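Asker: Sharing a structure with you now.
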Amino acid sequence: MLMYEIMTPGPTAVAENVRMARSRECTNPDLDPQFYEFYRDTCRMFSELVRTENETLILGGEGILGLEAACASLTEAGDRVLVLDNGVFGKGFQDFVSMYGGDAVLYTTDYRKPIDPAALQTYLEQDSDFKYATVVHCDTPSGMCNDVAAICPLLKSYGILTVVDSVSAMFGEQMDADDFQIDVLLGGSQKAISAPPGLTLVTLSQDARSAMKNRKTPIASFYANLLTFEDYYENQWFPYTMPVSDICGLRAALENIRREPDIVARHQKIAARVRRALTSCGLKLYQEDGFCGTVTVFEVPKPAQAADILDKMKTEHNILIAGSFDVMAGQVIRIGHMGENCREEKVRRTLAALDRVLADLGVLMKGRTAEIF
Ligand SMILES: *Cc1c(COP(=O)(O)O)cnc(C)c1O
């Protein structure tokens with residue numbers, strides 16, 4: 001396989017000790033009692049790292065599985081669900097809600113700004129009859145960071161359950177899941193956790209669990225049914241065979257995070273330096289506000305084309321950065337500085353390559369981003 005440096009907002013670079021952990025001898029996870037201990041300890045470690053007393057489940061499947069599982073498990077036909085939409089993933093929750101028979105009500109705001117809790121409160125005063133709400137912490141295609149610390153307690157004060165997609169934010173942004181009153185928190189292995197793709201992490205509050213248990217109709221899925229894990233430890237029974245090696249890698253990645261209490265600060269500092277370097281040289285960030293510690297998104301500068309920037313970064317500098325999709329396709333470039341990507345020398349190398357690529361494509365810059373960084 002070609003070894004590109006992957007400076008993308010997921011999947012991210014994987015540390016050597018995580019790769020080594022994945023090569024350990026395998027067991028039969030269904031029958032080995034020690035695996036149940038290992039799985040539960042790993043879940044507990046994650047709960048601690050995102051500061052919640054709630055139970056964590058590790059699901060065998062990429063981050064998207066968590067989004068679907070939350071909606072599948074909570075939604076009954078006709079349930080009204082508030083979908084906070086200021087980005088592509090935010091809006092995307094509408095599909096999962098309606099797929100399971102729910103009535104998705106979009107609360108759409110400017111994609112260049114974070115959701116304003118005061119404006120949301122004004123909205124909720126008129127209409128708050130929702131079973132749950134979905135909110136994306138970092139909407140990766142635009143790099144939008146929403147203030148879940150303010151939004152979730154507000155929703156809860158109206159009796160609305162909170163489902164938070166923090167897949168690409170957690171560990172690059174502060175996450176105090178209990179303080180933030182998050183009922184269902186969703187994470188994925190391949191963003192700031194910096195394990196390979198393949199796993200979803202879900203935490204469930206008592207309120208969320210009760211809502212799932214008190215449904216009148218059964219959950220219309222097996223794989224996406226979060227209740228199938230009930231009492232897995234007591235019964236020594238998983239609903240499906242757990243991917244042992246993936247979980248060994250995840251465990252090592254979580255241990256790396258636990259060894260670095262300042263991981264959020266590392267992300268915040270690098271992110272601020274990247275933004276300053278880009279804007280000082282005349283590049284324009286996509287967002288006006290609500291910047292995220294894990295990804296920086298800037299507009300494609302004239303006269304360059306997004307595809308040419310990405311192609312030259314890849315073929316001439318061996319570095320993968322990302323474009324975007326949906327409404328942002330072709331408009332922006334994304335540098336993922338999350339997890340193991342978020343290292344000074346990697347970011348500087350990326351910026352130095354970007355400086356050369358943009359110069360080659362005829363972009364007039366006010367300086368070199370790598371120097372300012
Ligand atoms: C990456 C990501 C996911 C998960 O997507 P996958 O394609 O399954 O990895 C979910 N939400 C957000 C905001 C993400 O950035």
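The values are calculated or read from the model by the stated rules, or taken from the named source; none is laboratory data. Since the model is a prediction, treat every value here as computed from it, not as a measurement. For neighbour counting, all protein chains shown are included, and Cβ atoms are generated from backbone atoms with ideal geometry for every residue, glycine included.
Asker: Just a yes or no: is a residue in the stretch 14-22 without any contact (Cβ under 8 Å) to a residue 12 or more places away in the chain and either more than 16 Å from residue 252 (Cβ to Cβ) or part of a helix (DSSP H, G or I) (or both)?
Answerer: yes
Asker: Separate question: Across the stretch 320-367, which residue is farthest from residue 295 (Cα to Cα) among those that are surrounded by fewer than 14 Cβ atoms within 10 Å (Cβ to Cβ) and charged (D, E, K, R)?
Answerer: 360
Asker: Among the numbered conditions (1) in a helix (DSSP H, G or I); (2) among the aliphatic types (A, V, I, L, M); (3) closer than 24 Å to residue 190 by Cα, tell me where residue 333 comes up short.
Answerer: All conditions pass for residue 333, except number (1).
Asker: From 68, 37, 62, which residue is within 14 Å of the ligand (Cβ to nearest atom) and either over 21 Å from residue 224 (Cβ atoms) or surrounded by fewer than 19 Cβ atoms within 10 Å (Cβ to Cβ) (or both)?
Answerer: Answer to the selection: 62.
Asker: Go through (1) more than 11 Å from the ligand (Cβ to nearest atom); (2) under 17 Å from the mean Cα position of the chain (by Cα) one by one and return the number of the condition residue 169 breaks.
Answerer: (1)
Asker: Condition first: hydrophobic (A, V, I, L, M, F, W, C), closer than 24 Å to residue 288 by Cβ and away from the ligand (no atom under 13 Å from the Cβ). Now tell me which residues in the stretch 85-123 satisfy that.
Answerer: Answer for the stretch 85-123, where residues must be hydrophobic (A, V, I, L, M, F, W, C), closer than 24 Å to residue 288 by Cβ and away from the ligand (no atom under 13 Å from the Cβ): 106, 115, 118, 119, 120.
Asker: Can you work out which of the residues in the stretch 180-192 that are away from the ligand (no atom under 11 Å from the Cβ) and either part of a loop (DSSP other than H, G, I, E, B) or of a type in the set (Lys, Arg) (or both) is farthest from residue 230 (Cα to Cα)?
Answerer: Looking at the filtered set, the residue picked out is 180.
Asker: Please specify each residue of the stretch 30-72 satisfying the condition of being small (Gly, Ala, Ser), closer than 26 Å to residue 171 by Cα and in a helix (DSSP H, G or I).
Answerer: 47, 63, 66, 69, 70
Asker: Now for a different question. Please go through the stretch 198-237 and pick out each residue that is closer than 30 Å to residue 14 by Cα, more than 16 Å from the ligand (Cβ to nearest atom) and in contact with a strand residue (DSSP E or B) (Cβ under 7 Å, 6 or more places away or on another chain).
Answerer: Of everything in the stretch 198-237, those that are closer than 30 Å to residue 14 by Cα, more than 16 Å from the ligand (Cβ to nearest atom) and in contact with a strand residue (DSSP E or B) (Cβ under 7 Å, 6 or more places away or on another chain) turn out to be 204, 226, 229.
Asker: Being surrounded by 15 or more Cβ atoms within 10 Å (Cβ to Cβ), under 21 Å from residue 191 (Cα atoms) and hydrophobic (A, V, I, L, M, F, W, C) is the filter here; which residues of the stretch 228-269 pass it?
Answerer: 242, 244, 247, 248, 250, 252, 253, 254, 257, 263, 264
Asker: Got a number for residues in the stretch 125-146 being of a type outside the set (A, V, I, L, M, F, W, C) and part of a loop (DSSP other than H, G, I, E, B)?
Answerer: Residues meeting the conditions: 10.
Asker: Check whether at least one residue in the stretch 147-155 is in contact with a helix residue (DSSP H, G or I) (Cβ under 6 Å, 6 or more places away or on another chain) and either part of a loop (DSSP other than H, G, I, E, B) or within 16 Å of the ligand (Cβ to nearest atom) (or both), and report yes or no.
Answerer: Looking through the stretch 147-155, at least one residue is in contact with a helix residue (DSSP H, G or I) (Cβ under 6 Å, 6 or more places away or on another chain) and either part of a loop (DSSP other than H, G, I, E, B) or within 16 Å of the ligand (Cβ to nearest atom) (or both).
Asker: Which one is nearest to residue 67 (Cα to Cα), of the residues in the stretch 80-124 that are in contact with an Asp or Glu (Cβ under 7 Å, 6 or more places away or on another chain) and part of a helix (DSSP H, G or I)?
Answerer: 96
Asker: Now for a separate question. Being part of a helix (DSSP H, G or I), at pLDDT below 95 and out of contact with any Leu (no Cβ under 7 Å at 6 or more places or on another chain) narrows it down to one residue among 327, 274, 357, 347; which is it?
Answerer: 327
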